[in-house]
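The values are calculated or read from the model by the stated rules, or taken from the named source; none is laboratory data. Keep in mind that what you see is a predicted model, and the values were worked out from it rather than measured. As a convention, Cβ positions derive from the backbone with ideal geometry for all residues, glycine included, and neighbour counts pool all protein chains shown.
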Amino acid sequence: MDTNLYCSTYDALLKDRLVHLSNYPQFLPFIGNAWEGQQNRILLIAESHYLPSKSNGKSSSQTWYDGNKSLLSERERGWTNTRGIVEWADGYALDKTKFSKGHSIFYNIKNAVFDARNISKKDKYLFHQFGYYNYFQRPAEETGASIQLSGNDYRIAYNTIKAIAEIAQPTDLIFVSKKAYNSFIHWRNKEADGIFTNIRSHSVPHPASAWWNRPHNACDGKSGKQKFIDIIQKIDGLIESVV
């Protein structure tokens, strides 16, 4: 694919609304270039970026939110470039079946969507049909670890998803992080501002976790992958309900 997989239609509005996206524009959400032409606009939501192991201290809450992209080296900006990571992973997956743990989330999502839509030839781009971003708006403190949250993180994360919902208008949110989903539900219920009334919210285990391929009670005895497939098929109208 010769052009970018994402569109920048919403960038100015998002940066105007959210100061941290002006400070760290590499955190802008990936919105696929086929987004606006779709009846169902699915936003995939993971947990957080993380920085290389020698970047200690840069992602602490106060340092991060008081700073801007000049805080980071070129390599560190690459590690937190949502669009660059998604584009690279989508292209890399065209002829690969093995990923590093940090990037297997993208291959596993692609594979599940192809299975949900009965697409047997899987050497295709996919993410231009979806949106994707990390719910929490600063990197985790430890490479590959779950983020340790502070008060600012919760509020900024909820303000960010509110802005994306109002500006990009997804029809469905699929969280692939329990921590992100639980935080969103708490703040959505607390704020009760009606923004998400007509937006469907779903949650599945992280695609790089053991629960992606293992049945468990939180997924009604299904694997995370099967629950994700059911959600996609329900959104697509291929099945009537997700049990």
Item to check | Criterion violated by Ser104 - all others in (1) crowded, with 16+ Cβ neighbours inside 10 Å; (2) touching a residue at least 40 places away in the same chain (Cβ under 8 Å); (3) of a type outside the set (A, V, I, L, M); (4) in contact with a Leu (Cβ under 9 Å, 6 or more places away or on another chain) satisfied | outcome: (4)
Checklist entry - Among the residues of segment 125-175 satisfying the criterion of being charged (D, E, K, R) and under 22 Å from Lys54 (Cα atoms), which is surrounded by the most Cβ atoms within 10 Å (Cβ to Cβ)? => result Arg138
Next on the checklist: On the basis of being among the hydrophobic types (A, V, I, L, M, F, W, C) and farther than 30 Å from Ser150 by Cβ, does Ile235 make the cut?
Outcome noted: yes
Checklist outcome for this item: Scanning segment 138-189 residue by residue, the ones that are in contact with a Ser or Thr (Cβ under 6 Å, 6 or more places away or on another chain) and either in a loop (DSSP other than H, G, I, E, B) or closer than 13 Å to Leu18 by Cα (or both) total 6
Item to check | Condition check for Arg17: over 20 Å from Val113 (Cα atoms), in contact (Cβ under 8 Å) with a residue 12 or more places away in the chain and among the basic types (Lys, Arg) | outcome: yes
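Do we find that Thr63 is under 22 Å from Ser150 (Cβ atoms), free of Cβ contacts under 8 Å to residues at least 12 places away in the same chain and either hydroxyl-bearing (Ser, Thr, Tyr) or surrounded by 17 or more Cβ atoms within 10 Å (Cβ to Cβ) (or both) in this structure?
It is true that Thr63 is under 22 Å from Ser150 (Cβ atoms), free of Cβ contacts under 8 Å to residues at least 12 places away in the same chain and either hydroxyl-bearing (Ser, Thr, Tyr) or surrounded by 17 or more Cβ atoms within 10 Å (Cβ to Cβ) (or both).
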Checklist entry - In this structure, is Ile156 modelled with pLDDT of 95 or more and of a type in the set (Val, Ile, Thr)? => result yes
Checklist entry - With (1) at pLDDT below 95; (2) in contact with a Gly (Cβ under 7 Å, 6 or more places away or on another chain) as the list, and His216 as the residue in question, which single condition is left unmet? => result (2)
